[in-house]
1. Can you give the FRET efficiency to the nearest 0.05 for residue 79 and residue 146, using r as the Cβ-Cβ distance and R₀ = 22 Å?
2. In units of 2.2 N^0.38 Å, what is the alpha-carbon radius of gyration of the chain?
3. Using 7 Å Cα-to-Cβ label points, what is the residue 165/residue 53 separation (nm, one decimal)?
4. Please work out the C-alpha center-to-center distance from region 192-221 to region 36-69 and express it in whole Å.
5. Just want to confirm a number: the relative contact order over region 1-56, from Cα pairs under 8 angstrom separated by 6+ residues, in percent.
6. Please state the relative contact order of region 288-369 as a whole percent: Cα pairs under 8 Å, 6+ residues apart?
7. Can you give me the distance in nm between label points at residue 2 and residue 183, each placed 7 Å from the Cα along the Cα-to-Cβ direction?
8. Take region 183-379, drop everything but the C-alpha atoms, weight them equally and run the Debye formula without solvent; then report log10 I(q)/I(0) at 0.15, 0.17 Å⁻¹ to two decimals.
Ligand code: ATP
Ligand code: MG
Ligand code: MG
């Protein structure tokens, strides 16, 4: 079997490894942490940081094609691997998604074709930039331009005064201030594109966040109109083609209370909101990533069952509001007929840490939702 190279060792890498192995490939994972989810599953684990020259050389020597599961992998590492092999997605594509300023500029540049703009925003590099911020951006959300995920590095600000304080606390980090928008609901669109330019788009996923972290994904989306679905799916196809992206890309959109659509951000990889595709679609997002990087034909995206995906955070290993640990009652969850449990094999449970997910696959969406609620009751997750 030929060997695929993966930079990053988290749960996305682990699920990629499983799908790659199912398709007859072996996988080498470059990851500094010994006990990480993908390192366990990999055929070969190179234990080194993502920018370690010797580690990258070893990866380059053993594989002909490479991908990443980690949004903040140094673009220079991907560029290095591209000297000897095929990297999907490319360093140029990944670096757009790593920087909210570049990402928003990309969405804005493509808006004439997509008809969808990002949220009104201002770029904040220096204290002087604050004084030129339009009053219309308040209340707003201050986001670091780089490295943010799961709502980390975000501060909600109601006034210029609050913005000054929040920005000063970040000590010189480049930020974006976004206008706080009246969201009706949130959706994401998963697209994949092959090296030959062929592209496929998955059904619209509807996402509920809690404390900035994805809580559930429901597909089909209970709220999205046929119009908004078509518009965002077409936008995703335009965006992925514009930058000649190869691999799986996930784009998050906001649907506002007036029905209009705003593009939030994109992830240059399989995405948490696409985990449902493992159990509910003919081709999962991870299998699709394998196909794209190995220059195989992309697979059918058809969804064969309605589903709800519930994220499992480390919190379920703890008694409510205490540090007393407990073992979640998986045997009760697994007694629910629609439940597919996925645990990522992380050594230590911590609050707000993604430990696994459960996909509920049922003949009707109502049944999937009902069993998701039963699982929440079993695991002590408040609804
Ligand atoms: P992810 O883990 O998805 O990468 P992130 O840290 O990059 O998260 P965002 O996706 O920008 O953060 O924001 C997290 C959540 O905060 C959004 O899903 C949405 O619920 C809320 N949010 C972000 N920006 C806005 C906005 N401009 N108006 C209203 N709500 C917002
Ligand atoms: Mg993000
Ligand atoms: Mg997001």
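What follows is calculated from the coordinates using simple rules that are stated; it is not laboratory data. This one's a predicted model, so the numbers in the text were calculated from it and none came from an experiment. We place every Cβ from the backbone using ideal geometry, glycine too, and count neighbours over all the protein chains shown.
1. For R0 = 22 Å, the calculated efficiency reads 0.80.
2. So the Cα radius of gyration is 0.98 times the expected 2.2 N^0.38 Å.
3. Result: 4.7 nm between the two label points.
4. A separation of 27 Å, based on Cα centres.
5. Contact order relative to length: 35 percent.
6. Taking the mean separation of contacting Cα pairs over the length of region 288-369, I get 39 percent.
7. In this crude label model, residue 2 to residue 183 measures out at 4.0 nm.
8. -0.93, -1.14
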